[in-house]
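The block underneath contains the structure these notes are about, expressed in structure tokens.
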Amino acid sequence: MAAPLDLRSDTVTRPSPAMRRAMAEAEVGDDVYGEDPTVNRLQDLAARKLGKEAALFVPSGSMANLVALLVHTGRQGEAICEAECHSYVYEQGGAASVAGVQMRPLAGKAGVLTAEQVRAALRGDDAHEPRTSLVMLENTHNRHGGAPLTRDQTRAVAEVAHERGIPLHVDGARIFNAAVALRTPASELVRDADSVSFCLSKGLGCPVGSLVCGSRAFIAEAHRARKLLGGGMRQAGVLAAPGILALDTMVDRLALDHENAALFAEAVQRAGLRLVHPVRTNIVVFEAPRAPELVASLRKEGVLLALRNDGFLRAVTHCDVDRGQAEEAGKAFVRLAKAA
Ligand SMILES: *Cc1c(COP(=O)(O)O)cnc(C)c1O
């Protein structure tokens, strides 16, 4: 294999020639003043796609989640989340250290938090306890092998939270993968959420950026929170331009990534290894004896996989991997895994 085939993450993609052209030609202004026309167009488009009133462009998915935590919770209380969610596991404990919120991780079934679980975890009126100030869901669930949440699953949790006046935030870093896998518009999947964040820099192939979407009032506060976090950007239209292109042209093709993930998952099974989760979108998580050695030998053959902190291996498909490459990677995998 010539260039390495990088399956560590869907963040490793390079901007396409069309994206680079869009960046070069982007009309720009000072976005901290709200005067970058390209950022404004991206934000309007994102809000429309997610069915929310407004959206805000931020540098990363982590910042998008942190902005949501800051705005919804006002540095108080407790946020209920799934125990393996990105915000709890991979964001430097920003909820606690920056937003001043205690996370309340609950272990979901296959990454899914049920309404009953959330109801049982809501705090009462006891002055000893923190107040429940937010519920967070993740769609698709990264550590649970890209499991998509249905609209009904989200709505059931939203109803329980809303009965008590508690907002729901959806970390939808890969919400369009969920939308494609479930054949349901993203706006439907998050209809019952008060806010949703998603990444342009994952399966959509952009170099940088995420959006957080919600009501106009929420986004007005989110703008302040972004400033607080140092996330105000100036002529950010050069970064927003590929985002517009991605929302227009990169969503439907995610189905190909899902097919390629399924192909690679078949190879994993042909090699006699166990998938940790059913493969529904673009993430394949599996178990292998001597996982570090297998990663090293595949690297020599030009196939890069990720070794997770729990010892499981991960392969993620994306727009820089075509079907032929996924098949080739699968063949190399079977050969080396059987030899290991
Ligand atoms: C990648 C990811 C994020 C954060 O994205 P960054 O842009 O890397 O900060 C948030 N949530 C989930 C589920 C993710 O997979």
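The values are calculated or read from the model by the stated rules, or taken from the named source; none is laboratory data. Bear in mind the structure is a predicted one, so any value in this text is a computation, not a measurement. Note: ideal-geometry Cβ built from the backbone for every residue, glycine included; neighbour counts use all protein chains shown. Accessible surface is based on the protein model in full, side chains and every heavy atom, while ligands, DNA and RNA are left aside. Shrake-Rupley method; radii C 1.70, N 1.55, O 1.52, S 1.80 Å.
Side notes on the structure shown:
- Looking across segment 235-252, the residues that are open to solvent by 70 Å² or more (accessible area, probe 1.4 Å) and part of a loop (DSSP other than H, G, I, E, B) come down to Gln235, Asp252.
- Filter pass, Gly230 being within 15 Å of the ligand (Cβ to nearest atom) and touching a strand residue (DSSP E or B) at 6+ places or on another chain (Cβ under 7 Å): no
- Flag for Ala181 being modelled with pLDDT of 95 or more, touching a Ser or Thr at 6+ places or on another chain (Cβ under 9 Å) and in a loop (DSSP other than H, G, I, E, B): no
- Ser187, sole failed condition from (1) open to solvent by less than 60 Å² (accessible area, probe 1.4 Å); (2) in a loop (DSSP other than H, G, I, E, B); (3) modelled with pLDDT of 95 or more: (2)
- Between Gly272, Gly232, Gly209, the distinction of being open to solvent by less than 10 Å² (accessible area, probe 1.4 Å) and either more than 30 Å from Val284 (Cα to Cα) or touching a helix residue (DSSP H, G or I) at 6+ places or on another chain (Cβ under 9 Å) (or both) belongs to Gly209 only.
- Set Glu301, Glu328, Glu287: member being under 26 Å from the mean Cα position of the chain (by Cα), outside the structural domain of Glu138 (by TED's automatic domain parsing) and open to solvent by 10 Å² or more (accessible area, probe 1.4 Å): Glu287
- Out of Ile166, Ile175, sole residue that is in the same structural domain as Leu137 (by TED's automatic domain parsing), buried (at least 18 other Cβ atoms within 10 Å of the Cβ) and more than 16 Å from the ligand (Cβ to nearest atom): Ile166
- Qualifying positions in segment 253-297 - among the aliphatic types (A, V, I, L, M), in a loop (DSSP other than H, G, I, E, B) and over 19 Å from Phe176 (Cβ atoms): Ala271, Leu273, Val276, Ala288
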